[in-house]
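Take a look at the structure set out below.
The values are calculated or read from the model by the stated rules, or taken from the named source; none is laboratory data. Predicted model only: the values in this text are computed from it and were never measured. Here Cβ is always computed from backbone atoms with ideal geometry, including for glycine, and neighbour counts include all displayed protein chains.
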Amino acid sequence: MPHPSALLSAAARRPAVPLVLGGLLTALLASGVAWSMTGKTALLSVDGQLQEVDFRGETVGDVLAAAGMEAGERDVLVPAAGSEVEDGERIALRRARLLTLVVDGKERDVWVTASSVDEALDQIGLRDGALALSASRSRGIPLDGLRLTVRTPKDVVVRVGATEKRVTTTAATVRDALFAARVTLDADDRVSSPQGTPVTDGMVLRVIRVSTARAEETVAVPFATERREDANLVKGQTKTLQAGKAGVVRRTVQITYADGALEKRTVLSSTTVSAPVKRVLAVGTKARPAAQTSTARRSTGGADSLNWPALARCESGGNPRAVSSTGKYRGLYQFSYATWNGVGGSGDPAAASASEQTYRAKLLYNRSGAGQWPHCGKYLFT
């Protein structure tokens with residue numbers, strides 16, 4: 001049997017457990033009463049998402065702190081952070097996002113509190129439903145921002161031949177605008193602006209239809225003339241030693257048409273069928289004997305008394321080197337090569353001296369009269 005003093009000691013210790021439990025219960029009840037006296041609940045909407053926030057304090061800032069959030073300088077917070085908050089009050093926070101906006105190639109940064117592309121466009125005033133966007137309107141905008149490319153509708157005129165089309169398009173380039181206008185190009189067609197050029201409002205595009213064709217043709221090649229001095233011939237006399245003959249060349253030609261009109265001809269290949277044969281002329285270098293000169297002068301007969309300077313002024317302006325616009329008539333009296341050769345001349349009439357030209361003009365007059373110069377022959381008799 002335990003000693004009485006031991007039993008007394010155990011009995012003295014038993015009430016300690018209920019006393020401790022009673023103290024804890026009292027503390028918990030006191031804490032609950034304290035929370036009910038000071039705790040509040042607010043409804044916090046963050047970018048449209050609603051949540052309940054239990055907090056201690058008096059202001060909107062206290063609610064945000066309890067939710068582990070804070071409002072940046074570009075964010076929108078309603079009510080303001082220093083406003084007092086009643087239990088159950090509603091608070092809205094819209095967080096700012098950086099929108100890198102590229103409109104028709106021009107870039108700028110815009111801060112928005114929109115959570116979607118469509119809402120952001122509405123905030124910045126781009127409400128046209130015909131805009132072309134690089135992202136769907138329903139796409140969310142993350143807090144770290146978004147790059148958005150926008151193309152606005154533009155009026156473009158496309159001219160193809162005699163046809164004109166007017167289109168309103170959000171096409172980025174000339175190539176896309178032509179596609180929108182249902183204009184197709186082949187490899188040879190040309191456009192007034194390079195196809196990669198950005199489209200601008202009021203742009204006029206000219207499309208030139210280009211076509212090509214190939215043809216075979218035969219072309220004459222003129223012969224050259226070689227002049228050989230001959231001491232056996234008197235100056236002014238010539239003799240044909242070898243007749244000239246034109247050559248023949250066969251060519252393949254590409255013909256280019258622009259909108260149906262001939263633009264150019266390009267020789268693709270050339271084959272010589274026959275080479276030209278040069279003409280060889282013997283040209284006199286021997287001085288004309290005095291008697292022969294005298295006889296030659298006498299042979300002009302009554303032509304010596306006519307007004308040859310007046311005829312020359314009318315035909316050539318008195319210029320022994322004059323050549324008509326066609327190149328056919330040459331010299332003081334506008335000889336053709338055939339007529340010049342017919343009165344004993346050689347080479348180019350315009351290259352002969354003025355005296356020789358006059359001498360042979362007189363021979364021509366004696367043979368055929370003033371009718372050889374139908375417009376100016378009358379001046380011979382002035």
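A few points about this structure:
- Restricting region 208-228 to residues that are touching a strand residue (DSSP E or B) at 6+ places or on another chain (Cβ under 6 Å) and among the aliphatic types (A, V, I, L, M) leaves a set whose member that is farthest from residue 192 (Cα to Cα) is 221.
- Entirely in region 186-281, the strands (runs of 3 or more DSSP E) that have 1 or more residues that are hydrophobic (A, V, I, L, M, F, W, C), under 30 Å from residue 152 (Cα atoms) and at pLDDT 95 or above: 203-208
- Restricted to region 303-322, and to residues there that are in contact with a Ser or Thr (Cβ under 7 Å, 6 or more places away or on another chain) and either touching a residue at least 40 places away in the same chain (Cβ under 8 Å) or exposed (fewer than 14 other Cβ atoms within 10 Å of the Cβ) (or both), the residue that is nearest to residue 335 (Cα to Cα) is 308.
- Meets criteria (surrounded by fewer than 15 Cβ atoms within 10 Å (Cβ to Cβ), outside any helix (DSSP H, G or I) and under 60 Å from the mean Cα position of the chain (by Cα)) for residue 325: yes
- Restricting region 192-209 to residues that are crowded, with 18+ Cβ neighbours inside 10 Å and over 20 Å from residue 106 (Cβ atoms), the residue that is farthest from the chain's Cα centre (by Cα): 207
- Members of region 297-346 that are on the phi < 0 side of the Ramachandran plot, in contact with a helix residue (DSSP H, G or I) (Cβ under 6 Å, 6 or more places away or on another chain) and not hydrophobic (A, V, I, L, M, F, W, C): 300, 307, 320, 321, 330, 333, 345
- Every condition in (1) outside the structural domain of residue 130 (by TED's automatic domain parsing); (2) touching a strand residue (DSSP E or B) at 6+ places or on another chain (Cβ under 6 Å) is met by residue 108 except one, and the failing one is (1).
- Looking only at region 164-179, and only at residues there that are of a type outside the set (Ser, Thr, Tyr) and outside any helix (DSSP H, G or I), the one that is surrounded by the most Cβ atoms within 10 Å (Cβ to Cβ): 171
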